[in-house]
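Heads up: the structure comes next, in structure tokens.
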Amino acid sequence: MTARGFAKNLRLHLIAGAVVASFAVVAYRLVELHVLDREHYLSQIQDARHRVVADPARRGDILDTRGDLLATTRTDITLAIDPWALPEKIEAQKFAARKAAFENDQRAARAALAELLGMPAGTLEAAFAPAWKTIPVPEDTEDEAPDGRVRVRYMKLLEGVTEEHFSRIQALRLPGKKDPVRIAGLTHERRFRRVYPHRDLAAHVLGYVNKEDVPSGGVEAYADRYLKGLSGWREIERDGKRTELAQFRQREVPADDGWSVVLSIDCAVQHIAEQEMNALVAKFQPAKATIIVSDARTGFLLALANHPTFDLNEFGTTPLEKQRNIAAADLIEPGSTFKIVALAGALNEGLVTTASKFDCTLDSLVHNGKPRRFMRDDHRYDHPLNLSEVISHSSNVGTAQVGMLLGERRLYDYARAFGYGERSGYPLGREEPGLLADPARWSGIDITRIPAGYSIAATPLQIHYGMGVIASGGQLLRPQVIRQVLDTSGEPVYTFRPAVRRTVLAPATAETMARMLQKVASPDGTAKAAAIPGFEVAGKTGTAQKLIGGRYSPRNHVGSFVGFFPASRPRVVISVIVDDGHPPGGGTGYGAVVAVPSFRKVAEQLIQYLDVKPVTAPGVALAALPKEGVRR
Amino acid sequence: MKIRSTRAFATQIVLGSLVALGTGGSLGFAIVDLRRDISVSANTARVLEQRIAETERRVAEIGGLVAAGQSPEVLEERNQTLALGLVPPVETRVVRVGISVTDRLAANRKAEIFAAETGQNLAPVRFNLGGAPR
């Protein structure tokens, strides 16, 4: 076939010219779109379709030592309304019949929604009613009429909707309809929210995360770097219905969820402590109280309960006063619990032995060339007390004499070595260092007061870990709460080990002290009610008058008992400190009255829970029992 | 090929254009189809991502609810509500035995069985849980 056979010359030229011209037009248009006006159209697309969407990281969990959730993160949905969306959609319907059907469907859907949300249908209808709000005229740029009235486009309907509840809202169907109905104007916002399933359990240890995702106190603040994770983002394009066009996803940095933190706190032990705290508060109505339980061998905290306390989920309505961890942030005079410092120091220095005797009927004694008056003992003794009796009877006079033997400087050094006058290293939140003046600034009488726990101030944690020196075999341990950090797959990233701050006493001295402290919880001691047969409870009571208005009050006391058991192989150290407790029927809030019974109740439950074996079982000699890994 | 006349040239242009249109169109359709497939795959992946995220959200929510339900405080409330009479084990309620527990139980059982023969009037131990009717 030849070219001649197709058509005449002119027609072919015309067709060829038209084809070429068409291609030229298309080519020009393409050049115009893709080269000449490229920036203009790109910016339009950028504005209309392009978005950078944040991908927030999920905060890690806080677990107790057995893996129970203490704090977790869940999503929280807030339902909101754009009241003008409905009239706009109705207006957009072209046919009257469809408009009426749409209106009816929407009305029925709102009624179903009201029922699902448990709110009166009238209330929901009122919320959907289009409304205006007044703003300053210069700011009214939303519509063409700058009259100071703008449409309300966002109205919060309900906060704290759960995922399950929300999925039911999304699946809402009208009778006879196959697909779920979309309620015009109903929007939602999903964000992470921190929840504390056990409410006030270990509140002062955990801390909380506020609504701006800022951690406040406790583990939440301390371990924030592990918990918070790293938020991601992605650049996306959306279509006209605001649905993401996944194929145009450009760049994406996925969120890196936070790691989890495992604490040494045990939910069950914490609950035992808090339950006892509630009973104690109901009985003695103290201003403040603290119960601390720690592992005698490692220093890890098992429980820390304070009064007053608060519900972590309701932090916003709790006064800051209640949120303070009084175990670390409040100072008290330790009273007789401090006597272990002078006695252990003198024993460790070889200045006294358990057989050393002290005349505790004396009123004063010459020290550094001057007579020093003692603080009187509550009892009069008919014989000189040996060292063991000094501590079991809690003699102020005897302890002051031991303090004089030790001397100001060494007493001060031992007090510092026991952790008084310096921060213990408790990692969670504000901690006070306590008050322990340098001997150069002591008054003449201080040598009789300080050995008995007056003229100094300490936090409950310092007092607790001071006793821990005896329980651990002479070492001052660092208070620790975090055991492990786990990554998102549950693998340990970091494990915290027991930390020894310093060695204070020789193991033999610590053992001797433990045996002497055991007698405090004997029929002759000040805490006979603390004794649990077979478990060698050792400890020290303390009763310090409170300094009110510059004078020691005869009515306001800090009563305490700090002890551990079993004395020969200590497992747990327990402190019960009650500030300004009032025994029912009057009387003084002595440590033996307000703190010892609680110590015993906590200890009895811990024996079962921690499976502490009795040391002095029937027919078993003490020496035959195996000793566990303490410095002895 | 040598072009001998303008008519033949025009014919070739028309033919070439038609071929180009056909090829371009086919190619265009293929590209559109490919892009549609990419779009479908991307959207499927996105939907799956959303489902995974939704499942993770539900798991976190249920985990929180389980933890709250297992809280010692809640369990104690249920203990009271359901009148289970459970009490925390404390040392004073525990009898510690120094001999083999098996031997001790066997001895007790034998004592009960042979009580009638030995003339001893032994009654088996009955446990009364706290709150349970006697």
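A few remarks follow.
- A:L347 being aliphatic (A, V, I, L, M) and assigned to a helix (DSSP H, G or I): yes
- Some residue of the range A:244-254 being modelled with pLDDT of 95 or more and either β-branched (V, I, T) or farther than 26 Å from A:D579 by Cβ (or both): no
- Matching residues in the range A:37-63 - criterion: being surrounded by fewer than 16 Cβ atoms within 10 Å (Cβ to Cβ) and either aliphatic (A, V, I, L, M) or within 19 Å of A:Q484 (Cα to Cα) (or both): A:L42, A:I45, A:A48, A:V52, A:V53, A:A54
- A:Y494 meets all of the listed conditions (1) surrounded by fewer than 16 Cβ atoms within 10 Å (Cβ to Cβ); (2) assigned to a strand (DSSP E or B); (3) touching a helix residue (DSSP H, G or I) at 6+ places or on another chain (Cβ under 6 Å) but one, namely (3).
- Top-ranked residue in the range A:366-402 [being part of a strand (DSSP E or B) and in contact (Cβ under 8 Å) with a residue 60 or more places away in the chain; ranked as nearest to A:T526 (Cα to Cα)]: A:R373
- Per the listing A:R66, A:R98, the residue uniquely loosely packed, with under 12 Cβ neighbours inside 10 Å and in a loop (DSSP other than H, G, I, E, B) is A:R66.
- Any hit, the range A:50-69, residues being more than 30 Å from A:R151 (Cβ to Cβ), in contact with a Leu (Cβ under 9 Å, 6 or more places away or on another chain) and at pLDDT below 90: no
Residue-wise test of (1) over 30 Å from A:S260 (Cα atoms); (2) in a strand (DSSP E or B).
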residue	(1), (2)
A:L411	yes, no
A:G429	no, no
A:Y454	yes, no
A:Q462	no, no
A:R502	yes, yes
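- A:Q247 meets all of the listed conditions (1) within 14 Å of chain B (Cβ to nearest Cβ); (2) in a strand (DSSP E or B) but one, namely (2).
- Residues of the range A:271-301 that are under 22 Å from A:P197 (Cα atoms) and either within 14 Å of chain B (Cβ to nearest Cβ) or more than 19 Å from the chain's Cα centre (by Cα) (or both): A:H271, A:I272, A:A273, A:E274, A:Q275, A:E276, A:M277, A:N278.
So that you can scan it fast, the table gives a plain yes or no per residue for (1) basic (K, R); (2) more than 11 Å from every other protein chain (Cβ to nearest Cβ):
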| site | (1), (2) |
| --- | --- |
| A:N9 | no, no |
| A:G17 | no, no |
| A:F23 | no, no |
| A:V26 | no, no |
| A:R51 | yes, yes |
| A:A54 | no, yes |
| A:L63 | no, no |
| A:K94 | yes, yes |
| A:N104 | no, yes |
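- Residues in the range A:18-44 that are at pLDDT below 90 and more than 60 Å from the chain's Cα centre (by Cα): A:V19, A:V20, A:F23.
- With respect to (1) surrounded by 12 or more Cβ atoms within 10 Å (Cβ to Cβ); (2) under 21 Å from A:A101 (Cα atoms); (3) over 44 Å from the mean Cα position of the chain (by Cα), the lone exception for A:P175 is condition (1).
- Of the residues making up the range B:34-93, those that are more than 23 Å from the chain's Cα centre (by Cα), surrounded by 14 or more Cβ atoms within 10 Å (Cβ to Cβ) and small (G, A, S) are B:S39, B:A42.
- Criterion (among the small types (G, A, S) and either part of a strand (DSSP E or B) or farther than 25 Å from A:T543 by Cβ (or both)) met by exactly one of A:A289, A:A279: A:A289
- Selection over the range B:38-97 of residues that are outside any helix (DSSP H, G or I) and more than 9 Å from every other protein chain (Cβ to nearest Cβ) gives a count of 7.
The values are calculated or read from the model by the stated rules, or taken from the named source; none is laboratory data. Just so we're clear, the structure is a prediction, and the values are computed from it rather than from any experiment. Cβ coordinates were reconstructed from backbone atoms using ideal geometry, including for glycine residues, and neighbour counts include every protein chain displayed.
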